[in-house]
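The values are calculated or read from the model by the stated rules, or taken from the named source; none is laboratory data. Since the model is a prediction, treat every value here as computed from it, not as a measurement. Because the Cβ atoms are built from the backbone with ideal geometry, glycine has one as well, and the counts that use them run over all protein chains shown.
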Amino acid sequence: MAAIADTQAASGTGRQGPARSLPVWRWVILLVAAVYFLVPLWAALRFAGIKALGSVVTQAGFADALWLSVRLAIVTTVITIVLMLPTAVYVHLRLPQVRRLLEGITILPIVIPPVVLSVGVLQVAPSFLKSTPYLLALIYVILAMPFAYRAIDAGLRALDLKTVVEASNSLGAGWITTLWRVVLPNLKTALLSATVLTVALVLGEFTMASLFLYQTFPVWIVVFDQTSGQISVAASLDALFVTWLFLMAITMFGTRQSRRTGGGEATLFSVARQETRGN
Amino acid sequence: MTTNTASDAAAADGTRPAGGTRGTSVVLQDLSRSFGGTRALDGLSIEIAPGELVALLGPSGCGKTTALRIVAGFESADTGSVLVDGKEISRVPAAKRDMGMVFQSYSLFPNMNALDNVGFGLRMRKLGAAKRRQRAGELLDLVGLAPQAKQFPHQLSGGQQQRVALARALAIEPRVLLLDEPLSALDAKVRLQLREQIRTIQQRLGTTTLFVTHDQEEALSMADRVGVMSHGKLEQIAAPDELYVHPATAFVAEFVGVMNRIPAELGGSGMVSCVSCTVPVKEGDSVTDLGGDNAVDVLVRPEGLNMEVAEHGNGIVTTKTFLGSVTRVGVLLSGDVTVQIDKPSSEAAALAPGTSVSVTLPPEPVLVAPRR
């Protein structure tokens, strides 16, 4: 106890020194970071010109490419959540001893080179998919798995799933009702997080799409670069801005949700609920 | 519905609460359950009368929670059966058992406010929104939380959350109320209040209740009958006072209340010698499985020993703990044995540490156990 008091006192007196110098350093770091991130944007804007930002939408192939990317994002997100959510719930409830293993498996897509994964997907993909761009969605599901699983897993950990499910059961709710009325509403933030990560991944993915010769939005930007560098750069800026707006909207929605029901601050990468339950 | 073996047994005991005919009888028959190599339950049988509150008491790992979870339908027994009002329910899923349960950890649904939490079970029973809100409101009122109806679980204290959980479990008018250590996460003061509240409500509604706890004070103060469990078996089930005064086994004797162990010699014809007294061994004691060994321990409560100041006594006072009207005196006997003896505080004032005393056993039958 005395030791704790001592350190507190020490840090209390010591605080005056850093307290004066810390804000300066904060500003310096902020400034350096801002320069690092904003200068390329500013340069891109100068190169493309304000007018080009608006003219992007009228370019040949733009609408098709964007629409393909959006469709892929939707399909990938749906498949990912339909696969990952029941799996994660089941493992949490019935096979807790497998949780470690599953964590290991879901991290594999980060370790294994994407090209190897795509060969694997080609091996098992149903033949009717092989000639459509939705083949990409299958690959994206695998690429998104590490992020989506972690987001959902964190949400489940915060919930005390077993007790809540048993409480719901004992009150007369069957499995489907329990999932729909109790589990899902409490995983909103986690699912949002998984969705954001998946969508961001799909909208930005270039390698696989270009490898399989489909013109998704990122591929279109690169291809169009050969026709008009300015429009291509403007398209990148547009994409960045729209994605940023989208992420902000989702984050704000998530925060409002969790504020109402007492979850912690919802951020994109952390959905852990603060333990606010005390006596 | 009202008369069966369980209710008869309870009525004969005189433990049947007023209005006990309203509830449901529950019978656990020869339940066994193993997890891997360990036997969590080993032939457990209990009969609970309608409207009765039975507490299962035991150290952690004794199988009490497993028993409760089997009744709730969250676990299944390897062998044995659970009868509710005489009907076997082993095949009935948890959602269809009509049992209200309060859990050890906070189990409220975080996405619903207190009122919706309480109304959830009614919603599952397809009750209309208006009726649901009314009934949920009544139950929140019953647990004294009507003003908190619109609050979410994270805005409630631990004690309030458990009270909402109790209201939620009672809202469905359960046939049986199951309480799985509902107070153990709370601090002492809240625990005491809630203990009384649960008991009052349970008696008012006459709901048959099975209550699992490791806290003997909780079990003894709340239950009509207390079942003491050890290693998956029921050691004894009896009314709290019966359990304290006439423990059936050494385990019960030592688990419930404070118990002294004094080395003794088993003599012939059911007598035992201890602290230079010879007293009879209690009838029906587990003395038969002592394996013919004469070295045993006598089990005796702190209030069951006599003590007088004596010049050259067999003990020396070492400690004194003031407990209000009585003082617990620690006495060191020969052979490095320390016993606790309760004396009225007025008499204990004269017993300073270091005083030589003479400790004797009153000439009543005592419980003995194999020497440790």
### Task
Tell me, yes or no, whether the range A:134-149 has at least one residue that is part of a helix (DSSP H, G or I), closer than 30 Å to B:LYS96 by Cβ and of a type outside the set (Gly, Ala, Ser).
no
### Task
Could you list, in sequence order, all residues of the range B:101-114 that are more than 7 Å from every other protein chain (Cβ to nearest Cβ) and within 29 Å of the chain's Cα centre (by Cα)?
B:VAL102, B:GLN104, B:LEU108
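To keep it simple, each residue is scored yes or no on (1) touching a strand residue (DSSP E or B) at 6+ places or on another chain (Cβ under 7 Å); (2) among the charged types (D, E, K, R).
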residue	(1), (2)
B:ARG195	no, yes
B:GLN202	yes, no
B:GLY206	no, no
B:LEU234	yes, no
B:GLU242	no, yes
B:GLY257	no, no
B:ILE262	yes, no
B:PRO280	yes, no
B:VAL296	yes, no
### Query
What pairs come up if the first residue lies in the range B:99-112 and is closer than 19 Å to A:ALA190 by Cβ, the second is among the small types (Gly, Ala, Ser) and assigned to a loop (DSSP other than H, G, I, E, B), and their beta carbons are under 7 Å apart, counting only those six or more places apart or on different chains?
B:PRO110/A:GLY262
## Note on the structure
Out of (1) at positive phi; (2) away from chain B (no Cβ under 14 Å), the one A:GLY229 does not meet is (1)
### Query
Of the conditions (1) within 12 Å of another protein chain (Cβ to nearest Cβ); (2) part of a helix (DSSP H, G or I); (3) at pLDDT below 90, B:ARG123 fails just one. Which one is it?
(3)
### Query
Do you know which residues across the range A:178-193 are among the aliphatic types (A, V, I, L, M) and closer than 13 Å to A:ARG157 by Cα?
A:VAL183, A:LEU187, A:ALA190
### Query
A:LYS162 is checked against (1) surrounded by 18 or more Cβ atoms within 10 Å (Cβ to Cβ); (2) touching a residue at least 40 places away in the same chain (Cβ under 8 Å); (3) of a type in the set (D, E, K, R) and fails just one. What number does that condition carry?
(1)
### Message
Can you say whether A:GLY172 is over 21 Å from A:VAL82 (Cα atoms) and within 14 Å of chain B (Cβ to nearest Cβ), as far as the supplied structure shows?
### Response
yes
#### Entry: Set B:LEU192, B:LEU115, B:LEU170: member being free of Cβ contacts under 8 Å to residues at least 40 places away in the same chain and surrounded by 17 or more Cβ atoms within 10 Å (Cβ to Cβ)
B:LEU115
### Message
So, in the range A:58-69, how many residues would count as being without any contact (Cβ under 8 Å) to a residue 40 or more places away in the chain and part of a helix (DSSP H, G or I)?
### Response
3
### Task
Please tell me if B:SER90 is out of contact with any Phe, Trp or Tyr (no Cβ under 8 Å at 6 or more places or on another chain), modelled with pLDDT under 90, at the interface with another protein chain (Cβ under 7 Å from one of its Cβ atoms) and not in a helix (DSSP H, G or I).
no
### Query
Can you find a residue in the range B:91-105 that is on the phi > 0 side of the Ramachandran plot and buried (at least 24 other Cβ atoms within 10 Å of the Cβ)?
no
### Query
Just for the range B:239-257: of the residues that are free of Cβ contacts under 8 Å to residues at least 60 places away in the same chain and among the aliphatic types (A, V, I, L, M), which one is nearest to B:LEU53 (Cα to Cα)?
B:LEU243
### Message
Give me the residue from the range A:51-73 that is surrounded by fewer than 20 Cβ atoms within 10 Å (Cβ to Cβ) and of a type in the set (Val, Ile, Thr) and, out of that set, farthest from A:VAL223 (Cα to Cα).
### Response
A:VAL70
## Note on the structure
Only one of B:ARG175, B:ARG168 is in contact with an Asp or Glu (Cβ under 7 Å, 6 or more places away or on another chain) and either within 23 Å of B:GLY73 (Cβ to Cβ) or of a type in the set (S, T, N, Q) (or both), namely B:ARG175
### Task
Could you list, in sequence order, all residues of the range A:158-187 that are out of contact with any helix residue (DSSP H, G or I) (no Cβ under 9 Å at 6 or more places or on another chain) and aliphatic (A, V, I, L, M)?
A:ILE176
### Task
Look through A:ASP238, A:ASP153, A:ASP225 and report the one residue that is acidic (Asp, Glu), touching a residue at least 24 places away in the same chain (Cβ under 8 Å) and over 27 Å from A:LEU108 (Cβ atoms).
A:ASP238
## Note on the structure
Within the range B:42-60, residues assigned to a strand (DSSP E or B) and under 10 Å from B:HIS214 (Cβ atoms) come out as B:LEU56, B:LEU57
### Message
List the strands (runs of 3 or more DSSP E) inside the range B:302-356, counting only whole elements, that have at least 2 residues being free of Cβ contacts under 8 Å to residues at least 12 places away in the same chain, closer than 22 Å to B:VAL279 by Cβ and touching a Lys or Arg at 6+ places or on another chain (Cβ under 7 Å).
### Response
none
### Task
May I ask you to list the residues in the range A:150-169 that are more than 10 Å from chain B (Cβ to nearest Cβ) and of a type in the set (D, E, K, R)?
A:ARG150, A:ASP153, A:ARG157
### Task
Filter the range A:42-76 down to residues that are aromatic (Phe, Trp, Tyr) and within 26 Å of A:PHE212 (Cβ to Cβ), then give me how many there are.
2
### Task
Could you list, in sequence order, all residues of the range B:25-50 that are modelled with pLDDT of 90 or more and β-branched (Val, Ile, Thr)?
B:VAL26, B:VAL27, B:ILE46, B:ILE48
### Task
Tell me which residues, restricted to the range B:157-184, are at the interface with another protein chain (Cβ under 8 Å from one of its Cβ atoms) and part of a loop (DSSP other than H, G, I, E, B).
B:SER157, B:ILE172
## Note on the structure
Checked the range B:67-83 for anything within 14 Å of chain A (Cβ to nearest Cβ), of a type outside the set (D, E, K, R) and not in a loop (DSSP other than H, G, I, E, B); matches are B:LEU68, B:ILE70, B:VAL71, B:ALA72
